[in-house]
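A.B. asks: Below is one structure. I have some questions about it.
We did not get these values from a lab; they are worked out from the coordinates using the rules stated. Everything numeric here is computed off the predicted structure, so don't read it as measured data. Because the Cβ atoms are built from the backbone with ideal geometry, glycine has one as well, and the counts that use them run over all protein chains shown.
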Amino acid sequence: MLKKHPTQPRLGTISVIDDREVHVLESGSPNGSPVVVLHGCGSLAEEVLLPLENSKHRLIAIDRPGYGLSSPLPPPERGPLGQSFWIERFLETLAVGPVTIVAHSIGSASALHLAARRSELIKALLLISPCCSPLPPKPLILLRAAVAPLIGPPIRRHIMPRWASFFLRHGLRSSSFPNALPAHLNLLPAGHMIRAGAIETMADELRVFNRDMALLAGEPEQLPVHVLFGSQDLIVDPNRHIAWLRQRYPGLLVKRLEGVGHMPHHVAPAVVLRMLNAIIEERSPLSAVDPPRLTDVA
């Protein structure tokens with residue numbers, strides 16, 4: 001991996017699709033099986049790619065629209081359904097055949113919508129701490145204030161960027177809990193992530209999330225869908241989202257890591273890579289199946 005100054009984003013390539021820029025980072029083997037990697041809410045391709053670098057596959061991580069260096073979508077299209085059409089156009093431009101998608105948190109919602117509409121574009125899904133079930137309202141006081149009329153613009157344009165390192169570190173610690181914050185996450189560019197456009201995108205994405213996920217159809221039965229959850233995830237309730245997924249995909253394979261929070265790809269990257277290898281090689285190891293109290297810590 002190329003070294004960079006911790007305050008600067010890692011730069012990849014910029015593609016233009018439908019007059020919008022898409023920032024792409026690649027890693028792994030250029031001749032390997034293509035794997036598209038999607039980050040979660042408020043994050044970057046750089047973050048979700050960090051623990052997966054040593055893969056034998058071709059990893060293609062994209063800044064989702066409105067995050068990082070990718071152009072935003074119009075506000076009504078910023079939810080999981082609208083983003084699934086954006087990913088669809090990206091895959092058609094990429095032209096590498098069916099891909100495996102690895103998605104973290106809310107990035108999983110867009111992947112599920114794409115799979116429901118265009119399953120021929122996808123070989124398999126590996127969902128890490130997936131946020132996909134419609135959610136009860138949450139306070140999210142700071143985010144609501146940052147996009148509120150009158151007070152919102154100065155908060156998101158001046159106050160939050162000025163304290164970007166504090167807000168990013170607080171968010172990462174909350175996501176990592178109960179695990180220690182991995183040192184390599186300190187390299188993420190706080191000023192690049194905590195900026196006005198990304199904050200607006202985050203709010204718009206969450207605003208239409210329940211509406212979009214209520215529209216999700218069942219998954220094609222032939223599509224392998226594997227899920228990795230931390231048993232102590234306080235950001236996304238594992239039981240709620242696993243049960244919701246099982247209703248739509250009875251063949252779901254689930255692995256839980258005991259004592260792990262919302263960032264299992266950073267806490268146990270070897271587990272993610274093993275699951276990725278298995279799903280690409282069309283193996284279903286028994287350790288990926290989820291009996292009632294399964295624990296498996298790398």
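A.B. asks: Gaussian network model of the chain, Cα springs within a sub-10 Å range: biggest mean-square fluctuation belongs to which of 242, 155, 128?
C.D. replies: Its mean-square fluctuation being the largest, the pick is 155.
A.B. asks: If you place +1 on the Cβ of every Lys and Arg and -1 on the Cβ of every Asp and Glu, how big does the dipole about the Cα centre of region 13-288 come out, in debye to the nearest 20?
C.D. replies: Charge dipole of region 13-288: 660 debye, to the nearest 20.
A.B. asks: Given the peptides 210-216, 265-271, arrange them by the average over their residues of other C-beta atoms within 10 Å, most packed first.
C.D. replies: On the way: 210-216: 15.4, 265-271: 20.0.
Packing proxy ranking, top to bottom: 265-271, 210-216.
A.B. asks: What's the exposure ranking of 255, 138, going from fewest to most Cβ atoms within 10 Å? Let's see the in-between values first.
C.D. replies: Values: 255 22, 138 9.
Ordered from fewest to most neighbouring Cβ atoms within 10 Å, 255, 138 come out as 138, 255.
A.B. asks: So, one more: For residue 118 and residue 237, compute 0.36 nm times the residue count separating them, minus their Cα-Cα distance, and round to one decimal in nm.
C.D. replies: In short, 40.1 nm is gained.
A.B. asks: Compute the longest continuous run of the chain that contains no exposed GluC sites (Glu not before Pro); treat a site as exposed when its DSSP state is not H, G, I, E or B and it has at most 10 other Cβ atoms within 10 Å.
C.D. replies: Here the longest segment lacking exposed loop sites spans 1-220.
A.B. asks: What 222 nm value per residue comes from the helices of the chain, counting each DSSP H run with n ≥ 4 as -39,500 (n - 2.57) and dividing by all residues, nearest 500 deg cm²/dmol? Write out the running numbers ahead of the final one.
C.D. replies: Working: 11 runs with 99 residues, N = 298.
Value at 222 nm, helices only: -9500 deg cm²/dmol.
A.B. asks: With a cut-off of 8 Å between alpha carbons and a minimum separation of six or more residues, what is the relative contact order of region 13-288 in percent?
C.D. replies: RCO, region 13-288: 20 percent.
A.B. asks: Cα axis of helix 80-94 to longest principal axis of the chain: angle in degrees, 0 to 90, nearest 10?
C.D. replies: Helix 80-94 sits at roughly 70 degrees to that axis.
A.B. asks: Another question, then. Taking every DSSP beta bridge with both residues inside the chain, roughly what % is antiparallel (nearest 5)?
C.D. replies: Once the DSSP bridges in the chain are tallied, antiparallel ones form about 30 percent.
A.B. asks: Separate question: What is the distance in Å between the Cα centres of region 173-196 and region 50-95?
C.D. replies: 20
A.B. asks: Counting other beta carbons within 10 Å of each residue's own, what order do 78, 274 fall into, fewest first? Intermediate values should be presented prior to the final figure.
C.D. replies: Numbers: 78 26, 274 17.
Fewest to most other Cβ atoms nearby, the residues stand as 274, 78.
A.B. asks: Using a 10 Å cut-off around each Cβ, can you sort 131, 41 from fewest to most neighbouring Cβ atoms?
C.D. replies: Taking fewest neighbouring Cβ atoms as first place, the list is 41, 131.
A.B. asks: Taking the 0 to 90 degree range and rounding to the nearest ten, how far is the long axis of helix 238-248 tilted relative to the main principal axis of the chain, both from C-alpha atoms?
C.D. replies: 60
A.B. asks: Looking at the square roots a ≥ b ≥ c of the eigenvalues of the Cα gyration tensor of the chain, which shape do they give, rounded for a/c under 1.5, prolate if a/b is larger than b/c, or oblate?
C.D. replies: Working: a/c = 1.32, a/b = 1.28, b/c = 1.04.
Note, shape of the chain comes out rounded.
A.B. asks: Then there is this: Taking amide H atoms as placed 1.01 Å from N in the peptide plane, list the residues 5 or more away in sequence, or in a different chain, whose amide H sits under 5 Å from that of residue 123.
C.D. replies: 99, 100, 101
A.B. asks: Then there is this: Between the helical axis of 164-176 and the dominant principal axis of the chain, each derived from Cα atoms, what acute angle in degrees is found, rounded to the nearest 10?
C.D. replies: Helix 164-176 sits roughly 30 degrees off the main axis of the chain.
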